[in-house]
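Peer 1: One structure, as structure tokens, below. Some questions next.
The values are calculated or read from the model by the stated rules, or taken from the named source; none is laboratory data. The shown structure was predicted, so the numbers you read here are calculated from the model rather than taken from an experiment. All Cβ positions, even for glycine, are placed from backbone atoms using ideal geometry, and neighbour counts span all protein chains on display. The accessibility values were calculated without ligands, DNA or RNA, using every heavy atom of the protein model including side chains. Shrake-Rupley method; radii C 1.70, N 1.55, O 1.52, S 1.80 Å.
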2 protein chains.
Amino acid sequence: MLVRVAERPILDDDNIVLAPYIEAENGEIKYYEFNKNDPKVNFSDSRVIYVNDVMYLTSISHFRIARSKDGVNFYIDDKPTIFPEDKLEEYGIEDPRITLIDGVYYITYSAVSSQGICTCLIKTHDFVNFERLGAIFCPDNKDVVIFPEKINGKYYALHRPSSGSRKRNDIWMADSPDLISWGSHRFLIGVRNGKWDSGRVGGSLVPFKTDKGWLEIYHGATVDHRYCLGALLLDLNEPWKIIGRSENPIMEPETTYEKQGFFGNVIFSCGGLLENGILKLYYGASDMYVAYAELQVNDILSSLVKDGY
Amino acid sequence: MLVRVAERPILDDDNIVLAPYIEAENGEIKYYEFNKNDPKVNFSDSRVIYVNDVMYLTSISHFRIARSKDGVNFYIDDKPTIFPEDKLEEYGIEDPRITLIDGVYYITYSAVSSQGICTCLIKTHDFVNFERLGAIFCPDNKDVVIFPEKINGKYYALHRPSSGSRKRNDIWMADSPDLISWGSHRFLIGVRNGKWDSGRVGGSLVPFKTDKGWLEIYHGATVDHRYCLGALLLDLNEPWKIIGRSENPIMEPETTYEKQGFFGNVIFSCGGLLENGILKLYYGASDMYVAYAELQVNDILSSLVKDGY
């Protein structure tokens, strides 16, 4: 497993909050310093700091390999596997999602910097040598999952552009001839007023192929940032056509470790395994822990209803 | 010339502002109605209405052909040439920019809808038959200009994503194998505090090839929305490398028709011709008129200075 590790400085002074960043020239970690008594600065969200609506992060993230023989007990590498190094990664790299295509692992991830939030691509054959393939979606865009095979000669991906003009955070679909260049952007699903996914939606897992269609596990949050998981079923041949969608979450924060932590009431997944009809789901809980759950795929499929859009 | 025609309803009641849109199902123009006394609605910008920071447009735009024998006197077609028809175009289509490649005209334009601002692509051989090629940049993204030839086997474009998280409106570069799918996004130039382009920048004209490099005329605005034109010089073979940039505008609002109109203090161009060392520039003035100016290319080139990034 590739895990996101978020680090932040420990401080004696409770009045100070630091926003770490990497100097692209020399790779050193530096800090912007903010005072909690500064009325111009918004500290209401533990994950971010807003200064005149401009976002900084309170932690800086990288990726490490975690190894397991049973899928439950993991040993995390002592050192970072992939560390932010590009100017577009100066505030960190987050949320890796891995698609295996023809023996090559393609990893999409959010690259956060003073220029916004991009999605970049890395490929690897062995998780030892990594090749950076640049920014495949420009700011602000995250939650990119690439389908595991070509459909009618094209690669497909779900992505989540943010429209500032319309204050939207919806799931879109794009296609590509080469996994690097993406076009034919289509709106796929939006938020739903009054429901569990009223605030924002985004792709979570790489879609699984089932008899019924492509099964996508996505995340949705309310406007108050309660994050749950739901599902989408997409047509096998024309994946921009929606067959079904979760009316209610397939999973929501219930346990103490899901409700309380660095940022509570969050379950958020970037990966899982489908084995013998069971979805083995790895997910972040409260932006603090990595947890594990098993779901029956048939239960998910039978819970879906036709989406209105 | 392809001109953007913006239409808005004439009303007897000064207290009402209408935001037009097209119903995708039947192509009919409908209106959202806003009352000027509603404190939740922001009417300070004549071009747009903001309701809880969500943007609506006060006009709806389409494209018409304007014909001329001398480049100065134009006859505008009675009927629309390209009219919004897609769900992504429900609030109108704006700012066409035409690149001629191998005998085919490729038109990029902003498609505005309830889902945000995309850039879409249309191609035509004859300006009679048009083929829609979909959204090539997802929300929010506008000011896309495609270079007129491949560079080292790839197509290149300038684009202007908006980062809500960092409140940025900068010029980026992307490349493409097929003009439809775009990747390898790179930050190119940003706004400059205290200068004429402190608020936002975006590509304006399709880049011209000169001995010195690719010459791009771009627009910059202050945070108070005063729009000027400047220039960028980019390396011929590695166009993401900046050779020079305008310290001061090459052109700014000076005349009455540039300073006063539907939205004053704006000059904004989407096209021009390079003939005998003269840039023949067509531009919008005050979001109300189309005006014409001639600039010496050598004057522009010699005014550029090395950009700091």
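Peer 1: Give or take rounding to whole Å, what are the principal axis extents of the alpha carbon atoms in the stretch B:187-309, in descending order?
Peer 2: Its Cα atoms span 41, 35, 20 Å along the three principal axes.
Peer 1: Do any GluC sites (Glu not before Pro) in the stretch A:146-249 lie in a DSSP loop with no more than 16 other beta carbon atoms within 10 Å, and if so, which? Write down the numbers at each step before the final one.
Peer 2: Values: sites: A:E149, A:E216, A:E247; in loops: A:E149, A:E247.
Here the sparse-neighbourhood loop sites are A:E149, A:E247.
Peer 1: Just grab the label-to-label distance for B:L236 and A:D86, each label 7 Å out from Cα along the Cβ direction, in nm (one decimal).
Peer 2: Here the modelled spin labels are 2.9 nm apart.
Peer 1: To continue, here is another question. What number does chain B give for Rg over Rh if you use C-alpha atoms and the Kirkwood radius? Each step should come with its number before you reach the end.
Peer 2: Working: Rg = 19.0 Å, Rh = 20.0 Å.
So for chain B, dividing Rg by the Kirkwood Rh gives 0.95.
Peer 1: While we're here: Contact order normalised by length for the stretch A:187-309, with contacts defined as Cα pairs under 8 Å and 6 or more residues apart; what percent is it? Please list the in-between numbers first.
Peer 2: Values: 294 pairs, mean separation 24.4, N = 123.
Taking the mean separation of contacting Cα pairs over the length of the stretch A:187-309, I get 20 percent.
Peer 1: Could you compute the FRET efficiency for A:I278 and B:T210, with r as their C-beta to C-beta distance and R0 at 60 Å, rounded to 0.05?
Peer 2: 0.45
Peer 1: If you roll a 1.4 angstrom probe over the protein chains with everything in place, what fraction of the accessible area of chain A belongs to carbon and sulfur, to the nearest %? Spell out each step's value before the answer.
Peer 2: Working: 6310 of 13790 Å².
Looking at chain A in its full context, I get 46 percent from C and S.
Peer 1: Starting at 0 and stepping by 10 Å, how many percent of the alpha carbon pairs of the stretch B:154-214 end up in each bin?
Peer 2: The distribution over the stretch B:154-214 is 20, 45, 30, 5, given as percents.
Peer 1: Put the label 7 Å from Cα along Cα→Cβ for B:A24; what are its distances to the other copies, in nanometres, shortest first?
Peer 2: Reported distances to equivalent positions: 3.6 nm.
Peer 1: Might you report the magnitude of the Cβ-based charge dipole of the protein assembly as shown about its Cα centre, with Lys and Arg at +1 and Asp and Glu at -1, to the nearest 20 debye? The partial results should precede the final answer.
Peer 2: Working: 66 positive and 88 negative charges, 47 e Å.
Dipole magnitude for the protein assembly as shown comes out near 220 debye.
Peer 1: May I ask for the accessible area buried between chains B and A, both sides summed, probe 1.4 Å, to the nearest 100 Å²? Mind showing how you got there, number by number?
Peer 2: Working: alone 15350 and 15350 Å², together 27560 Å².
Summed over both sides, the interface buries about 3100 Å².
Peer 1: List the trypsin sites (Lys or Arg not before Pro) within the stretch A:216-289 that fall in a DSSP loop (any state other than H, G, I, E or B) and whose Cβ has at most 14 other Cβ atoms within 10 Å. Kindly include the intermediate steps, with their values, before the conclusion.
Peer 2: Values: sites: A:R226, A:K241, A:R245, A:K259, A:K280; in loops: A:R226, A:K241.
Passing both the DSSP loop test and the Cβ count: A:K241.
Peer 1: In nm, to one decimal, how far is the modelled label at A:D102 from the one at A:M288, with both set 7 Å along Cα→Cβ?
Peer 2: 4.5
Peer 1: Quickly estimate the mean residue ellipticity at 222 nm for the protein assembly as shown, helices only: each DSSP H run with n ≥ 4 gives -39500 (n - 2.57), and the total goes over all residues, rounded to 500.
Peer 2: On the way: 4 runs with 22 residues, N = 618.
One gets -500 deg cm²/dmol as the mean residue ellipticity at 222 nm.
Peer 1: Quick one: check the C-alpha center-to-center distance for the stretch B:121-165 versus the stretch A:271-308, whole angstrom.
Peer 2: 38
Peer 1: I'd like to know which of A:V41, A:T58, A:A157 lies farthest towards the positive end of the charge dipole of chain A, counting +1 on Cβ of Lys and Arg and -1 on Cβ of Asp and Glu.
Peer 2: A:A157
Peer 1: From Cα pairs below 8 angstrom and at least 6 apart in sequence, can you work out the relative contact order of the stretch B:69-171, rounded to a whole percent?
Peer 2: Working: 190 pairs, mean separation 18.0, N = 103.
Relative CO of the stretch B:69-171 lands at 18 percent.
Peer 1: I've got another one for you. Using only Cα atoms, what is the ratio of the radius of gyration of the protein assembly as shown to 2.2 N^0.38 Å? Don't skip to the end; give the middle numbers.
Peer 2: Numbers: Rg = 24.9 Å, N = 618, 2.2 N^0.38 = 25.3 Å.
After normalising by residue count via 2.2 N^0.38 Å, the value is 0.98.
Peer 1: Copy-to-copy spacing for A:D224, label 7 Å out on the Cα-to-C-beta vector, in nm, shortest first?
Peer 2: Ordered by distance, the counterparts are at 4.3 nm.
Peer 1: Suppose R0 equals 41 Å. What FRET efficiency, 1/(1 + (r/R0)^6) with r the Cβ-Cβ distance, do A:Y31 and B:F43 give to the nearest 0.05?
Peer 2: On the way: r = 42 Å, r/R0 = 1.02.
Calculated transfer efficiency: 0.45.
Peer 1: Sorted from shortest, what are the nm distances separating the label point of B:A291 from equivalent points in the other copies, each placed 7 Å from Cα along Cα to C-beta?
Peer 2: Between copies, matching label points for B:A291 lie 6.2 nm apart.
Peer 1: Next up: With an 8 Å cut-off on Cα pairs and a minimum separation of 6 or more residues, tell me the relative contact order of chain B in percent. Kindly include the intermediate steps, with their values, before the conclusion.
Peer 2: Working: 771 pairs, mean separation 28.4, N = 309.
This gives 9 percent for chain B.
Peer 1: Enter the Cα centre distance for the pair the stretch B:1-47 and the stretch A:7-25, rounded to the nearest angstrom.
Peer 2: 47
Peer 1: Let me ask something additional. Name the GluC sites (Glu not before Pro) in the stretch B:3-88 that are in a loop by DSSP and that have at most 16 other C-beta atoms within 10 Å, would you?
Peer 2: Passing sites in the stretch B:3-88 are B:E23, B:E25, B:E28, B:E85.
Peer 1: Can you pull a Stokes-Einstein diffusion coefficient for the stretch A:5-130 at 10 °C (1.306 mPa s), Rh from Kirkwood over Cα pairs, as a whole number of µm²/s? Kindly include the intermediate steps, with their values, before the conclusion.
Peer 2: Values: Rh = 16.2 Å.
My calculation gives 98 µm²/s for D.
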